[in-house]
Structure formats: structure tokens, C-alpha cells
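Read the structure below first, then the notes.
Please treat every number below as a calculation from the coordinates, not as lab data. Just so it is clear, the model here is predicted, and its values are computed rather than measured. Methodologically, a virtual Cβ is constructed for each residue, glycine included, from the backbone with ideal geometry; neighbour enumeration extends over all protein chains shown.
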Amino acid sequence: MSSPTRSPRRMAPEARRAQLVSAALDLYGRLSPENVAVEDVTRAADVSRALFYRYFSGIEELHVAVLGTVTEELVSRVALSGDGPPDAQLAGALDVFLDVVERHARAYVALLRSGSVVSTGATDALVDEVRDHMVALLCERGGVPDPAPLQLMTLRGWIALVEGSVLAWLESGREPDRTVLRDWLVAELLAMLEVTDRHR
């Protein structure tokens, strides 16, 4: 049986930092972020505590960096293609969103859960970045670059619904079926926009 590959002793600073973030993200796949300690990360990355503290002031800063990679993936991947009916485009975007969220479920729950020990002003800013991206995307593809107040409230309200529903879905064992959840969220936005349009 071969021995595990040891971490290279010399790495560029950016690569070493990325290695530590990657090790923590892998741990999040098995543990809640609140239960990941510096020792877990250094053991997984095969580095010393001293080296860890050259790149991060503590576990809290690492949490922010790791959760930042999740939000970056959401912002970079969630998009509306511009092809096909709006509901089909929205369903496709939600599929990508759910792909990322399911792959990083514990990190996503920690990012959004009120009172989480990893919740800080910095993580709140990460959440806002995803929200702003989704609002801008919906406005752009909806042909409403300057939404009226009620339209903006509707979009932000729907995004809050997506967050809360997906959080509850993850924590309840992924019920109902993912396709049912996705299609319901699409229908909710269309219904909300219809109501808003009647009140303009």
C-alpha cells in the first residue's frame, strides 16, 4: 500500500494559500465548518501550524476565504443564457445554483444560517454579492435595467425565498424532489412578477 503524498515543502504563496483553502473545503464535505479546527486543516494539508498562521490569522479568516470560493463559484456559474423561454432559462440557472449548493451543502448552510459561528460581517458581504448578482441578472435578462421599487422588492423577495427554501431543503434531507423544488421556485417568481405588474 502506497503512503499518502506529502505536501511539497516549497510552494508559491498563492498556491499554498489555495492549498489550505482547498483542504478546508474538502473537510467541509464531511464536517460542519463550525467543527473544523486549525489542526484539522493542517493535518489534511500536511503542513505545520506555523505555516498555517503565515497565511491566515486564525480559523475565522480561513472560513471567510473558503466560503468566498463558494460564492465566487455561484457568481461565475449562475447565468441566464438568453436562449429559449424565460421559465426555461430560469430553470437552467436554478439547476446550476443547486448543483453548486449541493456540492458545498455544509458551507452553504453555514453561510446563510443566522447565528452560525462562521457568520461575520465579511460572510454577510459574500451573501450580498450573490444576491446582487442574481438581481442584476434577472433585471438584465428581463429587459428591466432600471426596475421600479416594487419590481426590485419582488426580485429581492424571491431571492430570499430561494435562500430560505433551499436552506430548509438541505436541512430536511432534500425533500421534495429537486426538480419539484426548482419548478416551484420558477413558478413562484412568475406569479410574484404577475402580481407586481398588476400593482404598478
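Quick notes
- Calculated FRET efficiency, Val127 to Ala50, Cβ-Cβ distance, R0 = 30 Å: about 0.40 to the nearest 0.05.
- Residues Glu163, Glu61, arranged from fewest to most other Cβ atoms within 10 angstrom of their Cβ, appear as Glu61, Glu163.
- D (Stokes-Einstein, µm²/s), Kirkwood Cα radius, the stretch 62-198, 0.692 mPa s at 37 °C: 212 µm²/s
- Cα-centred dipole magnitude for the stretch 73-192, charges only on beta-carbon of K, R (+1) and D, E (-1), debye, nearest 20: 220 debye
- Relative contact order of the chain, taken over Cα pairs closer than 8 Å and 6 or more residues apart, is 20 percent.
- Annotation: extensible slack from Ala191 through Asp95 equals 32.6 nm (criterion: 0.36 nm per residue apart, minus Cα-Cα distance).
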